[in-house]
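This report refers to the structure that appears directly beneath it.
Nothing in this text is a laboratory measurement; each read-out follows from the coordinates by a stated rule. Everything numeric here is computed off the predicted structure, so don't read it as measured data. As a convention, Cβ positions derive from the backbone with ideal geometry for all residues, glycine included, and neighbour counts pool all protein chains shown.
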Amino acid sequence: MPLFDDKSPTDYDAIVIGTGISGGWAAKELCEKGLKTLVLERGRNVVHIKDYPTANDEPWDYKHRGKSSQEDLKDYPKQSRTGYTTSPERRHFFVKDTEHPYHEKEGTRFDWMRGYHVGGRSLMWGRQSYRWSPMDFESNLKDGNGIDWPIRYDDLKPWYDYVENFIGVSGSNEGYSQLPDGNFLPPMDLNCVEEELKKSIESNFSGRNLTIGRVAHITGDNRIGNRGACQSRNRCMRGCPFGAYFSSNSSTLPAAEATGNMTLRPHSIAFEIIYDEKKGKAKGVRVIDKITKKTIDFTAKIIFCNASSMASTWILMNSKSNRFPNGMGNESGELGHNIMDHHFKVGAAGEYEGFGDKYYKGRRPNGFYIPRFQNLDKQSTKKDFVRGYGYQGGASRQNWMRGVAELNFGAGFKDSLFAPGPWRAGMTAFGEILPYHDNAMSLNYDKLDQWGLPTITFATTIRENEINMRKDMATNAAEMLEAAGFKNVNTFEEPYGVGLGIHEMGTARMGRDPKTSVLNKWNQIHSVPNVFVTDGAAMTSAACQNPSLTYMAMTARAADFAVKELKRQNL
Amino acid sequence: MKRRDAIKMISIGMGYTLSASTLATMASSCKTAPSITWVPSFFSPLQGRLMEDLLEIMLPATSTPGAKDVGLAPLIDQIVKDCYEAKDQEHFRLGMESFFGQLGDEAAQDKASTAKLTLLLEKHLTKMTPEFQAAINELLSSEELPKLAGDKDLYLRFSFIKNLRTLALSGYFSSEEVATKHLNYMPVPGPYQGCIPASDVGSTWAL
């Protein structure tokens with residue numbers, strides 16, 4: 001990567017703040033359209049493949065077989081809330097809470113899981129890639145929660161096409177109205193028990209379907225650039241040596257680099273967008289260099305803020321001027337509000353008798369998906385909640401872990417555990433959270449970070465609509481498994497904190513009216529036209545699908561618009 | 001049966017069933033065991049040896065390796081020492097002491113027999129009456145230590161055995177020897193195949 005050095009200029013055509021899933025796209029699009037672009041990243045550089053130190057580690061390579069020691073966890077009291085992010089093979093991609101603290105209003109919880117390095121969470125994301133449907137862009141208007149989206153599915157459709165073609169999404173076209181088809185690479189297999197479950201659901205429950213998960217993995221005989229097909233190792237979150245899944249590191253940043261127009265600057269903490277009172281627009285970005293500790297101003301004609309939902313909003317809130325005493329673009333008072341995520345940790349699991357003579361090969365980094373089926377039409381309208389949820393799940397044969405539940409020991413017991421056990425399947429629902437004004441973040445000037453910058457205090461909670469929805473999520477999961485003949489079906493509901501879905505969004509929402517929103521239909525700040533926010537902060541509602549594909553499509557669309565506007569000399 | 005009643009029954013020796021053969025082996029064979037070749041950091045040297053013996057009874061060497069072959073006792077010693085929270089660590093220690101305490105003087109004299117350790121495992125696992133097992137499950141479902149001394153002791157001892165079995169199984173099957181040579185180890189499987197004859201695979205996938 002062409003890294004910033006002493007000879008690099010401080011003035012550019014464009015600045016992109018952040019290198020995660022949307023920042024990478026902004027960098028690629030702006031560079032490919034000929035703009036000299038400075039790409040700022042607050043963390044260290046991570047070079048594709050070279051900087052994936054644990055990609056080939058086995059459990060026995062670790063002293064505690066993948067468990068974290070209490071000493072290791074001291075730095076990660078919040079990041080460890082997921083239960084999976086801080087294990088030794090992944091921990092290096094997550095921030096230390098001790099170095100990057102945030103706060104929670106008493107009695108509330110917010111789980112802010114993140115990594116500060118080139119590539120951001122595009123390295124550790126779940127890779128599930130679903131389009132939103134026309135219904136999702138209309139729901140706020142229809143049921144009156146939040147404000148209306150300024151765009152519709154048709155505005156984004158060509159950009160979904162464009163993004164899918166570049167990142168590679170494996171999946172199956174099904175013609176579901178609530179989950180639009182896409183340009184897919186060959187779908188991954190469902191296994192035999194998942195096929196049975198699909199048959200049962202589709203014949204026993206009107207309006208419900210099961211399809212293989214749509215994931216940003218290359219499949220079949222395909223290659224994209226230097227990226228090869230998925231090898232079913234399921235170690236994606238460590239970085240993929242085959243480049244089989246999409247990340248900024250494997251895909252967009254190399255594309256941006258190939259243009260010769262990108263300058264990448266790691267260790268650069270962007271903390272303020274500088275406002276030019278005379279010109280009525282932003283003139284640049286103020287940065288602390290983590291190495292030299294110096295503050296540097298970079299200037300550009302346009303700025304893409306892609307620091308992640310919460311961090312982009314933090315930068316805007318911290319960008320105060322005479323014109324914007326409450327943060328850049330915050331005339332509406334909505335900046336930092338309406339935090340959404342997907343609530344989950346509810347579902348059911350059970351055992352399947354049969355198919356003892358069948359097995360599978362590979363550790364498929366994917367599962368099945370049951371698209372939303374509630375509140376789609378009159379018949380599926382629920383009395384006690386609006387919107388809906390989808391399920392993600394999978395079936396597999398049990399391994400030795402089944403021995404934990406058997407109260408047994410000795411030679412026969414041990415030797416029996418080498419054979420594959422019975423099939424089990426489980427599913428977890430991911431549900432929509434409504435945009436509540438009071439689910440908010442604020443800047444905390446009493447507790448500054450090590451750079452002397454304000455930290456964030458969050459105040460978020462799920463409410464009646466989500467709590468009612470959770471009951472339905474558990475019940476329906478169990479009913480579908482039972483109808484398919486599963487035995488010993490149990491529902492589960494574990495504690496959920498907003499953010500735990502790592503789909504946090506909504507803090508600088510798009511809208512039609514500057515009085516109630518921060519961004520317009522092109523992701524431009526209403527009152528600062530040369531600043532674009534195209535990460536999760538822009539979201540006006542949350543739907544229930546994994547959001548990254550939508551962030552990417554929005555970014556490509558906004559970049560196209562920004563460059564056209566720049567050429568028309570409107571920016 | 002109410003939990004209290006079930007617990008009363010074990011205290012008078014009725015919570016589990018003993019076979020004649022176990023009782024017979026129990027009466028024989030007390031020998032001084034060899035000491036261990038590793039230095040425990042959480043266990044005492046005596047506990048380390050008892051653990052090694054106990055784990056080998058749980059997962060003995062057959063045509064596949066045993067607990068000792070894969071260094072299970074030293075691994076568990078390390079995990080409990082480094083990975084357990086202080087409270088859980090203390091509970092584990094108290095449960096272990098209570099469990100081995102049932103060996104009486106034999107443990108202290110470093111000559112607990114395999115038979116007696118086997119008997120103890122049976123008592124805590126395979127030979128529990130369903131009523132007693134249900135009572136124990138109810139007891140363990142609480143996050144808090146019971147207040148009554150008898151309940152507390154049972155809670156600690158049965159939690160210990162539960163945790164130890166989990167540690168033992170995960171440590172055993174995640175060992176390089178077992179995973180790469182006795183399970184089906186395929187670090188780079190290639191495209192996922194969803195439905196193939198189990199006979200083409202054989203043992204469970206290692207990863």
Residue-normalised 222 nm signal for chain A, counting each DSSP H run of n ≥ 4 as -39,500 (n - 2.57), nearest 500 deg cm²/dmol, is -6500 deg cm²/dmol
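Over every pair of different alpha-carbon atoms in the stretch A:289-397, take the mean of 1/r and invert it; report that Kirkwood radius in Å. Each step should come with its number before you reach the end.
Numbers: mean 1/r = 0.0496 Å⁻¹.
Answer for the stretch A:289-397: a Kirkwood hydrodynamic radius of 20.2 Å.
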Under the Karplus relation with 6.51, -1.76 and 1.60 and θ = phi - 60°, whole-Hz ³J(HN,Hα) for the stretch A:407-412, x at Gly and Pro, equal 7, 9, 7, x, 4, x
Residue span A:Asn222 to A:Thr98: 0.36 nm per residue of separation minus Cα-Cα distance leaves a gain in nm of 40.3 nm
Packing-ranked peptide list from A:220-229, A:432-441, B:122-131, highest mean Cβ count within 10 angstrom first, is A:432-441, B:122-131, A:220-229
Note: A:127-134 gets an average of partner chain Cβ contacts (10 Å, Cβ to Cβ) equal to 0
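What average number of partner chain Cβ atoms lie no more than 10 Å from the Cβ of the residues making up A:357-369?
Details: counts 3, 7, 13, 9, 13, 9, 5, 5, 1, 1, 0, 0, 0.
What the average comes to for A:357-369 is 5.
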Counting other chain Cβ atoms within 10 Å of each Cβ in B:167-173 and taking the mean gives 6
Among A:Tyr102, A:Cys31, A:Val118, the residue whose Cα sits farthest towards the positive end of the charge dipole of the stretch A:1-139 (+1 at Cβ of Lys and Arg, -1 at Cβ of Asp and Glu, taken about the Cα centre) is A:Tyr102
Among A:Gln450, A:Pro187, A:Ala558, the residue whose Cα sits farthest towards the positive end of the charge dipole of the protein assembly as shown, when +1 is placed on the Cβ of each Lys and Arg and -1 on the Cβ of each Asp and Glu, is A:Ala558
Rounded to one decimal in nm, the spacing of the 7 Å Cα→Cβ label points at A:Ser69 and B:Thr37 is 2.5
Filtered hits (aspartates and glutamates, Cα-Cα < 14 Å from A:Lys63, offset >= 8 within chain) -> A:Glu71, A:Asp72, A:Glu89, B:Asp77, B:Asp82, B:Glu176
Each label sits 7 Å from Cα toward the beta-carbon; between B:Glu97 and A:Lys487 the label points are separated, in nm, by 4.4
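What does the convex hull of the Cα atoms of the stretch A:69-110 come to per residue, in Å³, rounded to a whole number?
Values: hull volume 3.3 nm³, N = 42.
Cα convex hull per residue, to the nearest whole number: 79 Å³.
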Amide H contacts under 5 Å for A:His342, restricted to residues at least 5 apart in sequence or on another chain and with H modeled in the peptide plane, are A:Gly499, A:Gly501, A:His503
Once the mean of 1/r over all distinct C-alpha pairs in the stretch B:38-197 is inverted, the Kirkwood radius in Å reads 17.3
For the stretch A:281-293, Karplus-derived ³J(HN,Hα) couplings (6.51, -1.76, 1.60; θ = phi - 60°; whole Hz; x for glycine and proline) come out as 8, 7, 10, x, 10, 9, 9, 9, 7, 5, 7, 8, 6
Dividing the surface of the Cα convex hull of the stretch B:51-102 by four yields a projected area in nm² of 3.8
Taking alpha-carbon centroids only, the stretch A:71-146 lies from the stretch A:372-434 a number of Å equal to 23
Scanning chain A, every Cys lacking a C-beta partner under 4.7 angstrom -> A:Cys31, A:Cys230, A:Cys236, A:Cys240, A:Cys305, A:Cys544
Surpassing 26 Å at the alpha-carbon level, of the pairs A:Lys293/A:Lys564; A:Lys278/A:Lys320; A:Lys414/B:Lys123; A:Lys36/A:Lys283; A:Lys198/A:Lys358, are A:Lys293/A:Lys564
Set A:Lys382/A:Lys471; A:Lys142/A:Lys382; A:Lys33/A:Lys567; A:Lys345/A:Lys383, cut-off 20 Å on Cα-Cα distance; pairs above it are A:Lys345/A:Lys383
As a percent rounded to 5, the proportion of antiparallel DSSP bridges among beta bridges in the protein assembly as shown is 70
Filtered hits (aspartates and glutamates, Cα-Cα < 15 Å from B:Lys181, offset >= 8 within chain) -> A:Glu58, A:Asp415, B:Asp69
For the stretch A:197-298, inverting the pair-averaged 1/r of distinct alpha-carbon atoms gives a Kirkwood value in Å of 18.4
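Roughly speaking, what % of Cα-Cα pairs in the stretch A:421-568 are separated by over 22 Å, rounded to a whole number?
Working: 6260 of 10878 pairs.
Here the tail beyond 22 Å accounts for 58 percent of pairs.
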Checked against the positive end of the charge dipole of the stretch A:367-442 (+1 on Cβ of Lys and Arg, -1 on Cβ of Asp and Glu, about the Cα centre), the farthest of A:Gln374, A:Trp400, A:Ala411 is A:Gln374
A:Ser416 and A:Asp377 label points (each 7 Å along its Cα→Cβ direction) are spaced in nm at 4.9
For B:35-45, A:134-144, ranked highest to lowest by mean beta-carbon neighbours within 10 Å, the order is A:134-144, B:35-45
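Obtain the radius of gyration and the Kirkwood radius of chain A from its C-alpha atoms and give Rg over Rh. Walk me through the numbers on the way to the answer.
On the way: Rg = 23.5 Å, Rh = 24.4 Å.
Radius of gyration over Kirkwood radius for chain A works out to 0.96.
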Here the Cα Rg-to-2.2 N^0.38 Å ratio for the stretch A:1-69 is 1.59
